[in-house]
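Below: one structure, written as C-alpha cells.
Coordinate-derived values only; no laboratory data. Remember, it's a predicted structure, so these values are computed and weren't measured experimentally. Glycine also receives a Cβ, built like all others from the backbone with ideal geometry; neighbour counts cover every protein chain displayed.
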Amino acid sequence: MSGLFISFEGIDGVGKSTQIDLLEKHLGELGRKTLRSFEPGGTELGQEIRNMLLHRKGQLGARAEALLFAADRAHHSATKVKPALAEGTDVILDRYLDSSVAYQGAGRELDATEIRNLSLFAVQGLLPDLTILLDMDAAAALARRDKTGNTPDRLESEKVEFFEAVRQGYLQLAAAEPQRFFVVDATASVEEMAAVIRARVDELLN
C-alpha cells in the first residue's frame, strides 16, 4: 500500500515549517510512518544544487534556474520520495513542483505550461495526493518573514511585486486543480490552520 503524499506550498513567510511540524506530529500520533523533506536540497546532491540556486554570487538566468530546480527534483523524487511512498511511508514535502510553476512561471514570467511539463518530466508524472497552499498577502508575509532576522537568500531578496505575482500564480494553480489543492488562510492562528489541515488529511485517510 502506497503512503500518502502531501506537499506544502506558499510564498516565504506564510508559516509552512510550523504547519509541517504539527502535521508530522499528528500523523505520528496516528501511528503512521512519515518522511519529511524539502526542495530544493532534500538530498546530498540537492544541497549542492540548492547552494547554486540560492547562495551563488552572480546572475543566474531564469531558464537555468528552472532547469536546476528540475534537476534537484528529479533526483529527490527518484532516490527519496518514490522509495518511501512505495514502502507505505507518508511523505510531507516543503515545496514541490508547484513552486517551480509559481516562482519560475508567474514570478520569472516563463511559460507556466513549459515549466509544469519540465517538472512532470523530472518526476515521471508523480503528483501529491494533497497540496496544502498557505495563502497570505505578499506584503504581510514578507513583513512576518523579516522579523526572523535571517539573512535573505537570492530568491528571498526579490521585491514584494515578485512575491505577489508568485502568490497569484499559486492561486491560479489551486483554482485549476481544486481536487488536489487545499487553500488555507495563513492569516489565521497557528491552531486554526493546524485544525483545518488535520481535518482535510484525516478525510483522505478515512
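Applying 1/(1 + (r/R0)^6) with r as the Cβ-Cβ distance of Ala195 and Leu67 and R0 = 30 angstrom yields a FRET efficiency of 0.15. Note on Leu30 and Gln124: the extension gain reaches 30.8 nm, defined as 0.36 nm multiplied by sequence separation minus the Cα-Cα distance.
The dipole here belongs to the chain: it is taken about the Cα centre, uses +1 on the Cβ of Lys and Arg and -1 on the Cβ of Asp and Glu, and is about 460 debye. Is region 106-206 rounded, prolate or oblate when judged by the Cα gyration tensor, a ≥ b ≥ c being the square roots of its eigenvalues, rounded requiring a/c under 1.5 and prolate requiring a/b larger than b/c? Oblate, since a/c reaches 1.5 and b/c is not below a/b. Past the 31 Å Cα-Cα mark, which pairs from Lys57/Lys80; Lys25/Lys80; Lys16/Lys57; Lys16/Lys82; Lys82/Lys159; Lys33/Lys147? Violating the 31 Å limit, Cα to Cα: Lys82/Lys159; Lys33/Lys147. According to the Cα-based calculation, Rg over Rh for region 1-75 is 1.05, with Rh computed by the Kirkwood formula.
Loop-located trypsin sites (Lys or Arg not before Pro) in region 27-118 (DSSP state not H, G, I, E or B) with no more than 16 neighbouring Cβ atoms inside 10 Å: Arg32, Lys33, Arg56, Lys57.
Our Cα-only numbers for region 94-150 put the radius of gyration and Dmax at 13.8, 39 Å. Computed extension length for Asp146-Glu161: 3.8 nm, one decimal, from 0.36 nm per residue of separation with the Cα-Cα distance subtracted. Of the GluC sites (Glu not before Pro) in region 60-146, the ones in a loop by DSSP (not H, G, I, E or B) with at most 16 other beta carbons within 10 Å are Glu87, Glu109. Past the 20 angstrom mark, what percentage of all C-alpha to C-alpha distances in the chain do you count? That tail contains 56 percent of the Cα-Cα pairs.
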